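Participant: Pasting a structure below so you can have a look.
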Amino acid sequence: MQLTWLLRVTIVFTLLVILMGAYTRLSDAGLGCPDWPGCYGHIKVPTHDHEISHAQTLFPDHDIHPEKAWLEMIHRYIAGALGILVLLILILCLKTSQAPKKLPFAIVLLIIFQAALGMWTVTMKLMPIVVMSHLIGGFSLLSLLLLLYLRTRPRRIFETADIHSQRVAGAGFNGAHGSRIGTSLKFLGQSKHLPKLALLSLVVLIGQIMLGAWTSSNYAALACTALPICEGNWMDNLAIADAFSPFQGQHPSFEFGVLDYHARMTIHIAHRVGAIITASLLLLLAYRLFFSTQLKALSLLLVALVILQVSLGISNVVMHLPLGIAVSHNGGAALLLLTLVAINYFLWRRAP
């Protein structure tokens, strides 16, 4: 019971860290504190005159913006608290005989690596490959925590075919009973590939989230402001090699991006095309789930989240990236990922 409660709190806390990280990044506060883990040489944001004077001595090339620094430090404080929660989860799993052991260790190692990525994000001045890795690490942590939670609460999912088969078991093959068995076998044939479809959907969604992270870390969210793809003769101006090169040379800072317009446009278009593919595949999965399994609630949730996420993406373009909608778009991606992880967990437990 303690472990279940703690996992729930930690999952919510992880989602909060992801949203706070998005808010900090989209507020251009990623370098609000140019050092790590403190801020201008202090454990908190310097606010008093003597603290500001000391900070300016240590970092003469930086302008001190307390409001941005506080956003960055609040994000770090919350992330530090999350690390403590994850450590408590590991301790409880080790004390609980039936709890998984390897997965909590993997989660602890991941959050340690996340802390290192957080440090490199600052010390490497928002290098896109590091920022993207940090974002993906947060989503990975959220997914593993949900997986651990599900593994502590075993549940078997029956396909529609199984339920029909149970109802007609021993009833013979004549008349209406034979018809019901025929319907049962039809459903079973339709749903036997569902686990593979769900896994493919999860992989495609992860790829789309990575594209979104790459778009954000390269400040390419407003590279295209027309619908449905991009304005102008965009097909003749794609710069794929430059757009997706993980290393972009040496720069004093990567804040606000270093790529030219054509590269950013290419990233943005890739994210839009990926969104169309991802949304189509997830809606297909939801349709198949609704008519082939007991996971009707999850299938309806999946449809709602896809519609919400597409609407938020369009709103970001039309309204020129308002902060609240942009942060919500990150949250929508996290909720979609959690839903796909849960669907895959239930289907693959049933698959054998």
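Participant: For segment 1-105, list the helices (runs of 4 or more DSSP H) that sit wholly inside it and hold at least 2 residues that are under 26 Å from His134 (Cα atoms) and open to solvent by 60 Å² or more (accessible area, probe 1.4 Å); which are they?
Facilitator: 2-26, 66-95
Participant: Among the candidates Ala286, Ala275, which residue alone is small (Gly, Ala, Ser), in a helix (DSSP H, G or I) and more than 21 Å from Ala226 (Cβ to Cβ)?
Facilitator: So the residue among Ala286, Ala275 that is small (Gly, Ala, Ser), in a helix (DSSP H, G or I) and more than 21 Å from Ala226 (Cβ to Cβ) is Ala286.
Participant: Looking for something of a type in the set (Lys, Arg) and farther than 29 Å from Val130 by Cβ - is there at least one such residue anywhere in segment 194-210?
Facilitator: The answer is yes; a qualifying residue exists.
Participant: Does Lys101 satisfy the condition of being over 19 Å from the mean Cα position of the chain (by Cα), charged (D, E, K, R) and under 30 Å from Leu144 (Cβ atoms)?
Facilitator: Yes, satisfied.
Participant: Checking the conditions here, which among Leu337, Leu298 is within 16 Å of Gly212 (Cβ to Cβ) and buried (at least 17 other Cβ atoms within 10 Å of the Cβ)?
Facilitator: Exactly one of Leu337, Leu298 is within 16 Å of Gly212 (Cβ to Cβ) and buried (at least 17 other Cβ atoms within 10 Å of the Cβ), namely Leu337.
Participant: Shifting gears a bit: When residues of segment 102-140 are filtered for being aromatic (Phe, Trp, Tyr) and touching a residue at least 60 places away in the same chain (Cβ under 8 Å), how many remain?
Facilitator: Result for segment 102-140: 1.
Participant: Could you check how many residues of segment 197-254 are surrounded by fewer than 17 Cβ atoms within 10 Å (Cβ to Cβ), under 19 Å from Val306 (Cβ atoms) and either in contact with a His (Cβ under 7 Å, 6 or more places away or on another chain) or of a type in the set (Gly, Ala, Ser) (or both)?
Facilitator: The qualifying residues number 1.
Participant: Here's something else I'd like to know. Would segment 342-352 turn up any residue that is out of contact with any Ser or Thr (no Cβ under 9 Å at 6 or more places or on another chain) and of a type in the set (Val, Ile, Thr)?
Facilitator: Checked against the condition, which is being out of contact with any Ser or Thr (no Cβ under 9 Å at 6 or more places or on another chain) and of a type in the set (Val, Ile, Thr), segment 342-352 yields no hits at all.
Participant: Scanning segment 318-327 for residues that are in contact with a Ser or Thr (Cβ under 9 Å, 6 or more places away or on another chain) and assigned to a helix (DSSP H, G or I), which turns out nearest to Ile18 (Cα to Cα)?
Facilitator: Out of the qualifying residues, it is Ala326.
The values are calculated or read from the model by the stated rules, or taken from the named source; none is laboratory data. Remember, predicted model here, so these are calculated numbers, not experimental data. Cβ atoms come from the backbone with ideal geometry, glycine included; neighbour counts cover every protein chain shown. Just the protein is used for accessible areas: all its heavy atoms, side chains included, with ligands, DNA and RNA removed. Shrake-Rupley method; radii C 1.70, N 1.55, O 1.52, S 1.80 Å.
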